[in-house]
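Take a look at the structure below.
The values are calculated or read from the model by the stated rules, or taken from the named source; none is laboratory data. Predicted model only: the values in this text are computed from it and were never measured. Methodologically, a virtual Cβ is constructed for each residue, glycine included, from the backbone with ideal geometry; neighbour enumeration extends over all protein chains shown.
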Amino acid sequence: MAKWTPTHEAPEPLEGPVVATVTGGTVIWFVLFLVQVPFYGWFDDHGHLWWLWTCAAGAGLGLIGIWYVRGRDAALRRASAAPDPGA
């Protein structure tokens, strides 16, 4: 079986409000964590405590994601504002 090779160029990646998207997702994870905290005992009794910690991990990783995408966004802005060295 022959290896498939593309016959056309790959499209440019879609750019959107990445910082807002990651921030929104982080807020949702944190809100879900806060909603579940009052039911800690119930989750513990029924073996579903991992739900609570999954939301906490999502919020924590989201904070890292916000830091990352803000830095990426700033680097893209710096690169687009810099003069073109080839011109």
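Check the range 49-58 and report whether any residue there is of a type in the set (S, T, N, Q) and within 16 Å of the chain's Cα centre (by Cα).
Yes, the conditions are met somewhere in the range 49-58.
In this structure, does Val22 turn out to be touching a residue at least 24 places away in the same chain (Cβ under 8 Å), out of contact with any strand residue (DSSP E or B) (no Cβ under 6 Å at 6 or more places or on another chain) and of a type in the set (A, V, I, L, M)?
Values: touching a residue at least 24 places away in the same chain (Cβ under 8 Å): yes; out of contact with any strand residue (DSSP E or B) (no Cβ under 6 Å at 6 or more places or on another chain): yes; of a type in the set (A, V, I, L, M): yes.
Taking the combined requirement at face value, the residue satisfies it.
Restricting to the range 68-87, count the residues that are closer than 23 Å to Val27 by Cβ, hydrophobic (A, V, I, L, M, F, W, C) and surrounded by fewer than 12 Cβ atoms within 10 Å (Cβ to Cβ).
The qualifying residues number 1.
Let me confirm something: among Gly16, Gly24, Gly58, which residue is at pLDDT 95 or above and within 21 Å of Ala74 (Cβ to Cβ)?
Matching residue, one of Gly16, Gly24, Gly58: Gly24.
Out of Gly16, Gly65, Gly47, Gly41, which single residue is out of contact with any strand residue (DSSP E or B) (no Cβ under 6 Å at 6 or more places or on another chain), of a type in the set (Gly, Ala, Ser) and surrounded by 12 or more Cβ atoms within 10 Å (Cβ to Cβ)? Write out each step before concluding.
Details: Gly16 fails: surrounded by 12 or more Cβ atoms within 10 Å (Cβ to Cβ); Gly47 fails: surrounded by 12 or more Cβ atoms within 10 Å (Cβ to Cβ); Gly41 fails: surrounded by 12 or more Cβ atoms within 10 Å (Cβ to Cβ).
Just a single option satisfies the conditions, and that option is Gly65.
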